[in-house]
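Notes follow once the structure below has been shown.
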Amino acid sequence: MATHTHTRSGAAVSIVALLAALVAATAQNGTTHTDRLGSELDSDEIGLMGFAGHVPDSKKPKLTAYFEQESYRPGDRAQLVVTDTAAQVGVQILRAGGEPEPTVPNDVMLGTPVTKIVPVGAVHGQRTLSISIANWPSGVYFAQLTAPGSRVGYAPFILAPRHLGEHRVAVVMPTETWQAYNFRDDNGDGQPDTWYAGWKKLQARLVRPFLDRGVPPHWKQYDAPFVRWLAQTHRNVDYLSDRELRNVRSGKTLANAYSLIVFSGHHEYVTTHEYDVVTQYRDLGGNLAFLAANNFFWKITIKNNVMTRVAQWRDLGRPEAALIGVQYRANDRGGHRGAWILRSGAAATPWLFAGLNLEPGQGISSGGIEIDSTSSASPKGIHILAEIPNLYGPGFTAQMTYYETPAGAKVFAAGAFSLAGNVWEPEVTTLMTNLWTRLSTP
């Protein structure tokens, strides 16, 4: 979620003073947003900074572990690192999505087993286990670790396809942004190892355990519902992590492999190569769907599995609206939500709203948390399909958009959190099915 690096003139403003001002503004106006602050701080940043760098972790008995890579492919040997002390540890690999019920707690991952529970004995401090990755279908997987005393831990990884293009649709999981929001204190200095722990921090580790017993941040809200919908509607796709986008040779490679690439979650942080190849893919006629908001906002670099936050892409002359159609506008800590109200631009995409029996002025579902809107950088001919008007005050309007390019690319953006998270609502299911049908076709 968004932050802003522009320096202010005059005396430096401390975090404490800034938070106090925000609290006062909230008490007076019922919102944390003004024209100035709306583009500088976002919901999670305000709230998390309010913990003074200490975010509550799950209090349930836990085991700590992680995989050494964001993703693997069938046939790989994955290294699972257990960084804990426990007796009689058992490990089982599960695939997320096949579970019959939605995920409710923040500190639980659900799925269907692809292996039996394997006892691995005792762990003292740190132990690395070698896991054989079988010829399982591409997806989101996790190791579930158990030990006496009801101790449980999760270690997720993405199983990418053996070769790109095994299916014509790819869904990218936001592994870099997951770690940006990981408030774990890895080096034991009392401060979470992420730039959200303080404005002077610029780095976050890419490979490490997550808090909440190993569950990625916001998994249950942003990612788990969509992964479950894909699995249970039998939409076979290639799952990719950010690692696959960092390593793919070019946008042409992506265009040869996929008719549609879906960014379902919160993809705030990307490298130059990721931004380049996705733009090239679009320029070659590849279809894109962004199902949440605040995507491709920050440039990061990665060296030795450490991410460094560099600058906002719009400040580098590459506003994200030029690719996505919309760009980050504001947030309000999730305090307000509203329906997406159809606008006249929806007439340009009757196929998207087919079966919903909606007219301009009527709305579906509800969105918020963070919102995007069009800008001067948005492509010419972009259609504003629906809006959540004035959600955080006058002018703070979320916009759902669609545009096409001369090369034939179709690009959809939800403009708020989150169509992926709401996909099980009947109206959103219909809209998502229509979108999938249209954009998955070259």
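The values are calculated or read from the model by the stated rules, or taken from the named source; none is laboratory data. All of these numbers come straight from a predicted model, not from anything done at the bench. Reconstructed Cβ throughout: ideal geometry from the backbone, glycine too, with neighbour counts over all protein chains shown. Heads up: the accessible areas ignore ligands, DNA and RNA and are worked out on the full protein's heavy atoms, side chains in. Shrake-Rupley method; radii C 1.70, N 1.55, O 1.52, S 1.80 Å.
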Options A413, A377: the member that is buried (at least 18 other Cβ atoms within 10 Å of the Cβ), in contact with a strand residue (DSSP E or B) (Cβ under 9 Å, 6 or more places away or on another chain) and among the aliphatic types (A, V, I, L, M) | A413
Tell me, please, whether a residue that is in contact with a Ser or Thr (Cβ under 8 Å, 6 or more places away or on another chain), part of a loop (DSSP other than H, G, I, E, B) and open to solvent by less than 20 Å² (accessible area, probe 1.4 Å) can be found in segment 149-169.
-> yes
How many of the residues making up segment 250-284 are within 20 Å of W436 (Cα to Cα) and among the β-branched types (V, I, T)?
-> 3
Just checking, which of W195, W219 is within 18 Å of the chain's Cα centre (by Cα), farther than 19 Å from T103 by Cβ and touching a residue at least 12 places away in the same chain (Cβ under 8 Å)?
-> W195
Here are some residues: I369, I364. Which one is over 23 Å from T433 (Cβ atoms), open to solvent by less than 30 Å² (accessible area, probe 1.4 Å) and either part of a loop (DSSP other than H, G, I, E, B) or modelled with pLDDT under 95 (or both)?
-> I369
Could you list, in sequence order, all residues of segment 128-148 that are open to solvent by less than 30 Å² (accessible area, probe 1.4 Å), in a strand (DSSP E or B), among the β-branched types (V, I, T) and farther than 26 Å from K59 by Cβ?
-> I131
For segment 74-109, which residues satisfy the criterion of being crowded, with 16+ Cβ neighbours inside 10 Å, among the charged types (D, E, K, R) and under 25 Å from the mean Cα position of the chain (by Cα)?
-> R95, E99, D107
When segment 317-361 is checked residue by residue, the ones that are charged (D, E, K, R), under 19 Å from T397 (Cα atoms) and assigned to a loop (DSSP other than H, G, I, E, B) are E320, D332, R333, R343
